[in-house]
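Input: a single structure, listed below in structure tokens.
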Amino acid sequence: MKTLVFFLLLGCGFFTANAQETNVAFKIINQKGDPVPFASVSLRRVVDSSFKVETVTDSTGSASWVLKMGQYLVSVSSVNYDLMEKGITVNSESPVFTITLQQSAALMNTVTVTASRPLIRQEDDKTIIDPESLAASSTNTFEVLEKTPGLFVDQDGNIYINSLTPATVYINGREQKMSRADIATILKSLPPNSILSIEIMRTPSARYDASGSGGIVNVVLKKGVKIGLTGSVHAGFSHGEYGKRQGGFNINNSKGKFSTYLNVNYGFRNNFEEIGSSREFVTDSMLSQVAYTTFPTNSFYTGYGIGYQLNEKWDLNYDGRLHWNRSENSTRNTSTISRIADGSVSDKNEARSVNKSLAIGFNQGLSSRYKIDSLGSEWTSDLSFSYSPSSSEQMFGTQFILPSRSPFSGEGDLKYSSHTLTVQTNLLRKLPHDFTFETGLKSSNLWFENSTEYFYHTSSGPVKDQARTRSYNYVESISAAYLQGSKSYKGFTLKLGGRAENTHMIGRQLVPYDTSFAVNRTDLFPYVFFSRGLPKIKGWEPRVYLIYRKTINRPGYDVLNPSVRYVDPYLLETGNPSLKPQFTTNYEANISVGSRPIFAYGINKVEDIFTNIIVAADSNSKVSVRTYDNLGKNRETYFRGMAAIPPGKVYFFVIGAQYNHNSYDGFYEKKPLQFERGTWSFFTYHTIKFSPLTQMTINGFARFKGQMQFYELGPFGALNVSLNQQFLKKKLSVNISMKDVFYTYNNEFTMNQGSIKASGYGKSDSRRYGVNVRYNFGIKKKEKEDMMDVDMGTK
């Protein structure tokens, strides 16, 4: 019954347009008929020059207003195009005006231009970041995300938006079915100017997977969309405790109906991580550990693609990515057991391990788009396949200092392989009376294979370590269908949607023993979006957005697998096959002014939280077990505020703050759990133009009373400074940077839950000095001008 009522609401409640006031749509295109995104559009009423509205076109080159019928003067401007001014007459219901911009002749011999586009703007239920100014002071895409106001990126590569749950990362609209560390490696291999835009979806619509409880960050990469041949060559290095260097090039070429692009990047980076911890266990005993790890890595990345425009309706695109990483990590872990009363040491050992690994990622995608009409209706389809094999050789050993005994050593051979196949199709239809209809299907399939063999050394030779050796296969298939519709009327927009997902998981492990399991379930996820314009305040046009969404967080195989895994002499790890999925219901209200978000308030209600916990193996053992459990429910309340000066002048800044309050109510180690924690986060971004060719950038963040699961974090943050100088008519750019100026990107942590009482610290090679050089080149070809003129709208 609830489902029936929901879909009845989806098709009801829409109204006919007022005869004197109607929605007026604009489609901004270039001479080839391609949309011009992020163009500035202003509108003045002829009979009342005091009436003026302004906006920026979305990614499809579209913009719209609710206007009274009459005559207006339209002004459109965009990078690389001449200013277009035109008179129009609105005398019909829901007209659509198509305006063609002419390429600027003054820019035919250069490819590097500047424009006063907003850094951050709100487009319905997503925030869009223009990365141009961020890329100028960055050496890779990962750094661009680190500098994006409102995003928080931790040392493990997790990206946070509004919640303390990590966001899901998409590249070109495709979810990356890999670990956070692997995704971070890819982003660190991408040159910063390869990004077209960053889309932040705190509460994604029914079109997107329901698994994004922490929101979605979609990195949209540039393709060969420029006229003629353009590109850049770049190289740079940075140094802290260890060094990093990188270099590469990218080329975009468009000729006729074909467009191609190629990105190639190589990098070497080294880093260290030091983690110290102290944990109480048994009576009057303290385990203290200090682990120091270095991460030297060589990486190679290439992205390539080709686009073909069959005709004015059909576009086809093929793109691929290949990344290759070789690393040799080395860890030294010193463990000491002492009495709390007098500090006397009873046990001390030093464990060392070396991991030599090779990881390869191969991703291929084929997409198509059919433009149904000039209103923006389209049918898109996407097929992508990825293959990611990796292997690792591990050497390890433990030297026992107190009490003294023979050392222990061994080796391991680890092999992983994953295949991902995703097929999806989406239909977006613009209908009369400002009604938009969307529907689509998606199938995402993952095949994962693991084979791990461990041996320990004896005087007679290597012997297989049955406790660590394992082999398993894992298959995950998620099939989804969604339906949503939206209606705009007199300044407001209502969007209702629903998504159904079937989850099918099969895990098979036979070594060291059978732990096979299967999961099969179907869930429905509703979505509601409402926005409305508010009265003007001193010429500004505020708009309010209200959003409701439900999401799911599914436990993966590593979380479900009950096989016991050895971590160190004092810690074992195991999964929990009885885990239930975690459901989150999100409510958010936010306000934007002039398409710029300024305030948001939201609530996340989480049921059946599953999280990492540490429990004692037994009351007398020195060994603890790290596992997962459903702990109960959580209510997270957050608000976020942001202020900015629009870019384009001598000084530009963005400042913001966010507060998250988490309240847990459940059970931990079969005992009642009540836990509350409030976290403050502050972020800022500044640019100062000393001259048209010289610019300084300052960005940073600070977090107080942070939280990671049940670990309480001390204050930490980072301040970054860079100076950018341009030469040779802005084709050559030299950037000097310093990251984490005050070396504050490290933290202390404590945990006091159940029987676990622990504290510690973590730090890494975060303070770095660097230089990056980039040269832009390009050859642009003149095209025959199309002096198309628009006076009257079309229906």
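The values are calculated or read from the model by the stated rules, or taken from the named source; none is laboratory data. Note that the coordinates shown come from a computational prediction; the quantities given were computed from them, not determined experimentally. With ideal geometry, Cβ positions are generated from the backbone for all residues, glycine too; neighbour counts draw on all protein chains shown. The area values use the complete protein model at the heavy-atom level, side chains included, leaving out ligands, DNA and RNA. Shrake-Rupley method; radii C 1.70, N 1.55, O 1.52, S 1.80 Å.
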- Kindly establish whether S404 is of a type outside the set (V, I, T), assigned to a strand (DSSP E or B) and open to solvent by 30 Å² or more (accessible area, probe 1.4 Å). no
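Residues of segment 725-743 being open to solvent by less than 60 Å² (accessible area, probe 1.4 Å) and either in contact with a Pro (Cβ under 8 Å, 6 or more places away or on another chain) or part of a strand (DSSP E or B) (or both), which ones? Full working, then the answer.
Step one: of segment 725-743, the residues open to solvent by less than 60 Å² (accessible area, probe 1.4 Å) are 725-726, 730-735, 737-741.
Matches in segment 725-743: Q725, Q726, L732, S733, V734, N735, S737, M738, K739.
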- Meets criteria (open to solvent by 30 Å² or more (accessible area, probe 1.4 Å) and either without any contact (Cβ under 8 Å) to a residue 12 or more places away in the chain or within 27 Å of P166 (Cα to Cα) (or both)) for K222: yes
- Message: For a quick check of your reading of the model, give me the residue pairs whose first member lies in segment 337-357 and is surrounded by fewer than 18 Cβ atoms within 10 Å (Cβ to Cβ), whose second is among the hydrophobic types (A, V, I, L, M, F, W, C), with beta-carbon atoms closer than 6 Å and at least 6 apart or on different chains.
- Response: I340/M286; S346/I337; D347/I337; K348/I401; K348/L402; V354/M395
- Message: When the residues of segment 426-442 are narrowed to those that are at pLDDT 95 or above and either open to solvent by less than 40 Å² (accessible area, probe 1.4 Å) or of a type in the set (K, R) (or both), which ends up nearest to S459 (Cα to Cα)?
- Response: K442
- Subset of segment 443-478 [open to solvent by 50 Å² or more (accessible area, probe 1.4 Å) and of a type in the set (G, A, S)]: S451, S459, S460, A467
- Taking segment 690-718 as the region of interest, how many residues are without any contact (Cβ under 8 Å) to a residue 40 or more places away in the chain and of a type in the set (K, R)? 1
- Message: Based on this model, can you work out whether K147 counts as on the phi < 0 side of the Ramachandran plot, open to solvent by less than 30 Å² (accessible area, probe 1.4 Å) and basic (K, R)?
- Response: yes
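Of all residues in segment 171-187 being small (G, A, S) and in a helix (DSSP H, G or I), which is nearest to W447 (Cα to Cα)? Break it down into steps so the answer makes sense when it comes.
Quick first cut of segment 171-187, residues small (G, A, S) only: 173, 179, 181, 184.
Those still in the list that are in a helix (DSSP H, G or I) too: 181, 184.
Numbers: A181: 19, A184: 22 Å.
Looking at residues that are small (G, A, S) and in a helix (DSSP H, G or I), I get A181.
Of all the residues that make up segment 369-386, how many are open to solvent by 30 Å² or more (accessible area, probe 1.4 Å) and part of a strand (DSSP E or B)?
Quick first cut of segment 369-386, residues open to solvent by 30 Å² or more (accessible area, probe 1.4 Å) only: 369-375, 378-379, 381, 383, 385.
Of the ones still in play, those that are also part of a strand (DSSP E or B) are 369-371, 378-379, 381, 383, 385.
Number of matching residues: 8.
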- Report, by residue number, each residue of segment 703-724 that is under 30 Å from V606 (Cβ atoms) and either open to solvent by less than 40 Å² (accessible area, probe 1.4 Å) or charged (D, E, K, R) (or both). R703, K705, G706, Q707, F710, E712, L713, G714, F716, G717, A718
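Hey, does segment 183-195 have a residue that's within 26 Å of G231 (Cβ to Cβ), in contact (Cβ under 8 Å) with a residue 24 or more places away in the chain, open to solvent by less than 40 Å² (accessible area, probe 1.4 Å) and touching a Pro at 6+ places or on another chain (Cβ under 6 Å)? Give the steps one after another, and end with the answer.
Our first condition is that a residue be within 26 Å of G231 (Cβ to Cβ); within segment 183-195, this holds for 183-195.
Within this subset, residues satisfying the condition of being in contact (Cβ under 8 Å) with a residue 24 or more places away in the chain are 183-195.
Pick out the ones that are also open to solvent by less than 40 Å² (accessible area, probe 1.4 Å) and you get 183-187, 189-195.
Filter once more, so that each one left must be touching a Pro at 6+ places or on another chain (Cβ under 6 Å): 195.
Yes, segment 183-195 has at least one match.
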